[in-house]
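Novice: Please read through the structure below; I'll follow up with questions.
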Amino acid sequence: MQIKELADLTSSVSILYIEDDKHLKEQNQELFQNLFKIVDIADNGVDAIKLYETNKYQLIITDINIPLLSGINVIKQIKDKKPLQAILVTSVFREYELKKELEDLDNIHYLTKPLETKTLLKEIEVIVKNLLTFA
């Protein structure tokens with residue numbers, strides 16, 4: 001899928017992006033702002049939860065190693081409130097390492113860092129198509 005087609009698909013989607021790496025955050029923020037209706041950004045778990053409690057997001061994209069409240073704890077708190085929330089985990093940890101911690105939770109997708117833009121966009125496409133199918 002071309003980026004224009006993906007932007008058409010994702011243009012009504014709101015996301016919360018949780019990332020503390022300044023360079024990666026800036027790089028992806030620009031990309032995401034061209035794709036999504038709303039892009040809110042948090043660089044720590046506490047701010048992420050505050051944003052989540054006051055806004056509605058179709059997709060959460062989060063790192064695991066973030067300050068103040070780990071990505072694992074952020075995911076668990078979000079899933080307590082909305083069990084079917086779509087979450088894309090981006091981490092240096094491998095998927096199998098994270099699945100043990102998150103094994104009882106549904107609708108979680110994983111990408112291992114370093115992220116390739118093409119892989120990230122393909123995963124976003126899969127997630128958003130799934131969201132729109134069940135919307």
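Novice: Considering segment 76-91 alone, what residues qualify as being under 10 Å from the mean Cα position of the chain (by Cα) and hydrophobic (A, V, I, L, M, F, W, C)?
Specialist: Result: Ala86, Ile87, Leu88, Val89.
Novice: Exactly one of these conditions fails for Glu116: (1) buried (at least 18 other Cβ atoms within 10 Å of the Cβ); (2) at pLDDT 90 or above; (3) out of contact with any helix residue (DSSP H, G or I) (no Cβ under 6 Å at 6 or more places or on another chain). Give me its number.
Specialist: Unmet condition: (1).
Novice: When you go through Gln77, Gln58, Gln2, Gln85 one by one, which is the residue that is among the polar types (S, T, N, Q) and within 13 Å of Ile124 (Cβ to Cβ)?
Specialist: Working: Gln77 fails: within 13 Å of Ile124 (Cβ to Cβ); Gln2 fails: within 13 Å of Ile124 (Cβ to Cβ); Gln85 fails: within 13 Å of Ile124 (Cβ to Cβ).
Exactly one residue qualifies, and that residue is Gln58.
Novice: Filter segment 1-20 down to residues that are farther than 17 Å from Glu116 by Cα and touching a residue at least 24 places away in the same chain (Cβ under 8 Å), then give me how many there are. Break it down into steps so the answer makes sense when it comes.
Specialist: Of all residues in segment 1-20, those farther than 17 Å from Glu116 by Cα come to 4-5, 7-16, 18, 20.
Still in the list and also touching a residue at least 24 places away in the same chain (Cβ under 8 Å): 7, 9-16, 18, 20.
Adding up the residues that qualify gives 11.
Novice: So which pairs qualify, if the first residue must be in segment 35-56 and touching a residue at least 40 places away in the same chain (Cβ under 8 Å), the second must be hydrophobic (A, V, I, L, M, F, W, C) and not in a loop (DSSP other than H, G, I, E, B), the Cβ gap must be under 6 Å, and the two must be at least 6 apart or on different chains?
Specialist: Leu35/Ala7
Table: residues versus (1) farther than 21 Å from Pro114 by Cβ; (2) β-branched (Val, Ile, Thr).
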position: Lys22; (1), (2): no, no
position: Lys25; (1), (2): no, no
position: Gln29; (1), (2): no, no
position: Leu35; (1), (2): no, no
position: Asp47; (1), (2): yes, no
position: Lys56; (1), (2): yes, no
position: Ile61; (1), (2): no, yes
position: Ile66; (1), (2): no, yes
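The values are calculated or read from the model by the stated rules, or taken from the named source; none is laboratory data. Note that this is a predicted model, so its numbers are computed, not measured. Note: ideal-geometry Cβ built from the backbone for every residue, glycine included; neighbour counts use all protein chains shown.
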